[in-house]
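The values are calculated or read from the model by the stated rules, or taken from the named source; none is laboratory data. Worth saying up front: this structure is predicted, and the values here are computed from it rather than measured. Glycine gets a Cβ as well: all are built from the backbone with ideal geometry, and neighbour counts include every protein chain shown.
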Amino acid sequence: MPGNWSRLNDPELMLMNDISDSIARWEAKDFRLVPNLRGGQNLLVASDYGGEHQEKLSHYRCYSFLVVDIDNSSQWETLRLALRNDLIPDNRRMAFKKLNGDKILQKGFGPFLHAADHLRGLSFSLLINRQLDGILQAGKGISGPELKEFKKLDPGTFEKMLWVLHVIGLLLGGLSRSGQQVRWITDQDQIAANHDVAELLQTGFENVVSHFVKQNHVNLRFETTSADSGQRELEDLVSVPDLVAGALAELCTLVKLDGVPFSEQLLDAPANLSHKASAILYWLNLGGRPLKRLVYILEPKAPRGIALQRLHMEYHGDQA
């Protein structure tokens, strides 16, 4: 019986092909692991990132994504609007960094995660050891005349853009069907810092995804959260990967590279993990919800290889 995840089956996609195969193997063990997102006409992808400004504290970068069948996620919208009306009436943004001293966001934090449970989609996060910076340069990716324009970007921005576009390609290749419309939303960070960079990102989006998706999508559209109507409908979707990336990035700052596998270090919650990160990681470990969760980690492997592992966190932290 075929699963909800479609293998890429393209060795030229290298690392992304390996992740695709791994997801398929895990789904074969548990069919509930991957959602069916082919029922609706519109897929929405939201992304956010963590660990970028913590070079001295964290050995990992974190890229977090949300892929949603937005046509079949009406309960999320109902709960989100009720939350905005009752607990966060002033339209402020839910964000990991803002949770520390904001009592209104703290009060709405738990209900927000509960509302996100009702998204029909997948929360996917990838932790990458910084020693692997540069590995995507060798695989399929941005090509053609526009490559010269991408090479003009700051190396860190180009590297981040490659990772983000490749993972989105991986997810769309595994979850989408022919004829769906795809809308990708990210916040206005360095990979979409201004109009020129955003136009370049749209070009890269179409270029890279074409290597992963064999189907014909009606439309591939990229926007930043500035396209929000003012009702936070886009901002709130991006807030989900923002919270996940923030919690995972904080967790990574507490991990010591002393030869002990990352997953083994997660058997017990670090004593100095913040309450907000602990609550998000507890939520991330929950199963049986419409929103499924996957976390992967990439580590260097001697002599020149890469170790790929799904982080199946048996984590019991604080509830939000």
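Considering 247, 271, the condition of being surrounded by fewer than 16 Cβ atoms within 10 Å (Cβ to Cβ) and either at pLDDT below 85 or under 26 Å from residue 95 (Cα atoms) (or both) is satisfied by 271 alone.
This table checks each residue for (1) within 18 Å of residue 178 (Cα to Cα); (2) part of a loop (DSSP other than H, G, I, E, B); (3) in contact (Cβ under 8 Å) with a residue 60 or more places away in the chain.
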{"residue": "5", "(1), (2), (3)": "yes, yes, yes"}
{"residue": "27", "(1), (2), (3)": "no, no, no"}
{"residue": "37", "(1), (2), (3)": "yes, yes, yes"}
{"residue": "45", "(1), (2), (3)": "yes, no, yes"}
{"residue": "48", "(1), (2), (3)": "no, no, yes"}
{"residue": "71", "(1), (2), (3)": "yes, no, no"}
{"residue": "80", "(1), (2), (3)": "no, no, yes"}
{"residue": "83", "(1), (2), (3)": "no, no, no"}
{"residue": "90", "(1), (2), (3)": "no, yes, no"}
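Within the range 164-180, the set of residues being buried (at least 16 other Cβ atoms within 10 Å of the Cβ) and either among the aromatic types (Phe, Trp, Tyr) or over 25 Å from residue 295 (Cα atoms) (or both) comprises 180 only.
Under the condition of being within 28 Å of residue 23 (Cα to Cα), of a type in the set (Gly, Ala, Ser) and at pLDDT below 95, the residues counted in the range 91-136 number 1. Of the helices (runs of 4 or more DSSP H) lying entirely inside the range 144-234, the ones with 2 or more residues being within 15 Å of the chain's Cα centre (by Cα) and of a type outside the set (Gly, Ala, Ser) are found at 155-175.
Would you pick out the residues in the range 93-119 that are among the charged types (D, E, K, R), part of a loop (DSSP other than H, G, I, E, B) and within 22 Å of the chain's Cα centre (by Cα)? 93, 117, listed by residue number. Hey, residue 63 hits all of (1) assigned to a helix (DSSP H, G or I); (2) under 17 Å from the mean Cα position of the chain (by Cα) but one; which does it fall short on? Here residue 63 meets the rest and fails (1).
Among the residues of the range 211-225, those that are in contact with a helix residue (DSSP H, G or I) (Cβ under 9 Å, 6 or more places away or on another chain) and either under 14 Å from residue 184 (Cβ atoms) or of a type in the set (Phe, Trp, Tyr) (or both) comprise 212, 213, 217, 220, 221, 222, 223, 224, 225.
Can you confirm whether residue 72 is among the polar types (S, T, N, Q) and under 26 Å from residue 43 (Cβ atoms)? Here the answer is yes, as residue 72 does meet what is asked.
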